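For reference, the structure is listed below as structure tokens.
The values are calculated or read from the model by the stated rules, or taken from the named source; none is laboratory data. Here the structure is a predicted model, which is why all the values come from computation and not from measurement. Cβ atoms come from the backbone with ideal geometry, glycine included; neighbour counts cover every protein chain shown. For accessibility, only protein heavy atoms count, side chains too; no ligands or nucleic acids. Shrake-Rupley method; radii C 1.70, N 1.55, O 1.52, S 1.80 Å.
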Amino acid sequence: MDGAWVAQNGFVWQDDLQTVSPSIIDAFAPGRRAPLDWDDGARLAPPRTGVGVMREVAVSGLRGSGVEFGAGANAMPIPLDCTVRYADIYTLDELQLHEYEGQTTADLLRPDIIASLDDMSVISDGSVDFIVACHVIEHVSNPIAALTNSWAKLRPGGSLVLVVPEMTRTFDRYRELTTIEHLMEDDAKQEILKVRDGEHFREFYSLAFPTPADQYESLWRQKWAEAYPIHYHTWTYDSFSELIGVLTAPGGRLADAMVWSQPPLDDINECIEFWFALTKPEA
Ligand SMILES: C[S@@+](CC[C@H](N)C(=O)[O-])C[C@H]1O[C@@H](n2cnc3c(N)ncnc32)[C@H](O)[C@@H]1O
């Protein structure tokens, strides 16, 4: 929270807010950052002044109750009047063992639901107003299943918000771009998916995380065996837009979705991601 947030939300410093010691803050469970109150105008013409602002704008239209997948130690700034449950493939104890760059384990949110984005059987169809996943869909073995399942869980008028890494700006830049045909084949045939998963581990540990030759074979096989959440697939803003275009076309799995999206910010040092919000028509 900074001076701008305090002023823009109508608070007066020290009349409404008090400074507290770190030990008092540590007594509370980690939560999400408090966002500014962005309106429809901001979604139509986002300020594009920073990644934090873009994440706030991407989720600013959410209402009601929903689930954020893979919040890790960096939950999305979902509006404060929403109710959010957190889901992950790992329990809190397991997450402590998988520290991501730039995140501290003390900030990890405790998942309420243990589930993968591509297998949401624990969530009833038509039961949530939103699903959010920031830097998660690339970790999923079958992204089309993840998108289709998310869609089924949403109530009419509900939204799916995705923040996706732009491959050209991450350690994925030397890997192959995932094609739509590849994803469709993965979704259509379990046997292809299993073989392809192994290929993704081989590629990941040679081109994204180059591994010394003497460790390479055992490492990718071990990580594959434990289904370690590598980046299975890679996208650019254009290739992801193409995928969403196919799925939201008439007759597609996400037909009739209203699509909002924003490409990465120009500054390649500051921004490695792009943003999508897909909204279901009202009944
Ligand atoms: C790269 S971290 C992203 C953390 C945070 N959302 C951020 O943007 O900084 C990926 C998170 O997604 C979780 N995850 C990985 N694969 C997943 C899957 N298939 N379904 C749900 N969560 C997954 C990981 O355990 C981790 O918490």
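For this structure, a couple of remarks:
- Each residue in the stretch 62-91 was checked for being open to solvent by 30 Å² or more (accessible area, probe 1.4 Å) and under 12 Å from Leu109 (Cα atoms), and 4 pass.
- Which numbered condition Glu181 fails, given (1) more than 26 Å from Tyr90 (Cβ to Cβ); (2) touching a helix residue (DSSP H, G or I) at 6+ places or on another chain (Cβ under 9 Å): (2)
- Any chance Asp186 is acidic (Asp, Glu), closer than 30 Å to Pro77 by Cβ and in contact (Cβ under 8 Å) with a residue 40 or more places away in the chain: no
- Looking across the stretch 39-53, the residues that are among the charged types (D, E, K, R) and part of a helix (DSSP H, G or I) come down to Asp40, Arg43.
- In the stretch 106-148, the residues that are modelled with pLDDT of 95 or more, of a type in the set (D, E, K, R) and either on the phi > 0 side of the Ramachandran plot or near the ligand (Cβ under 10 Å from one of its atoms) (or both): Glu138
- Scan the stretch 145-194 for residues that are assigned to a strand (DSSP E or B), surrounded by fewer than 20 Cβ atoms within 10 Å (Cβ to Cβ) and of a type in the set (A, V, I, L, M, F, W, C) and the total you get is 0.
- Test for Ala58: is it under 27 Å from Trp260 (Cβ atoms), modelled with pLDDT of 95 or more and not in a helix (DSSP H, G or I): no
- Scope the stretch 35-45; condition buried (at least 19 other Cβ atoms within 10 Å of the Cβ) and either of a type in the set (Phe, Trp, Tyr) or under 13 Å from Pro263 (Cα atoms) (or both); matching residues: Trp38
- Residue check for Arg43: in contact (Cβ under 8 Å) with a residue 60 or more places away in the chain and not hydrophobic (A, V, I, L, M, F, W, C): yes
- Any pair with Cβ under 9 angstrom, 6 or more apart, that starts in the stretch 120-144 at a residue that is farther than 17 Å from Ile244 by Cβ and open to solvent by 10 Å² or more (accessible area, probe 1.4 Å) and ends at one that is more than 11 Å from the ligand (Cβ to nearest atom) and acidic (Asp, Glu): Ser141/Asp186; Ser141/Asp197
- Candidates in the stretch 207-229 are the residues that are more than 26 Å from Glu94 (Cα to Cα) and in a helix (DSSP H, G or I); of these, the one that is most open to solvent (accessible area, probe 1.4 Å) is Asp214.
- Selection status of Gly102, within 9 Å of the ligand (Cβ to nearest atom), part of a loop (DSSP other than H, G, I, E, B), surrounded by fewer than 21 Cβ atoms within 10 Å (Cβ to Cβ) and at positive phi: yes
- Meets criteria (more than 8 Å from the ligand (Cβ to nearest atom), within 17 Å of the chain's Cα centre (by Cα) and in contact (Cβ under 8 Å) with a residue 12 or more places away in the chain) for Leu95: no
- Condition broken by Lys153, with the remaining ones in (1) charged (D, E, K, R); (2) more than 29 Å from Arg55 (Cβ to Cβ); (3) in contact (Cβ under 8 Å) with a residue 12 or more places away in the chain satisfied: (2)
- Selection from the stretch 42-90 of residues that are near the ligand (Cβ under 10 Å from one of its atoms) and of a type in the set (Lys, Arg): Arg55
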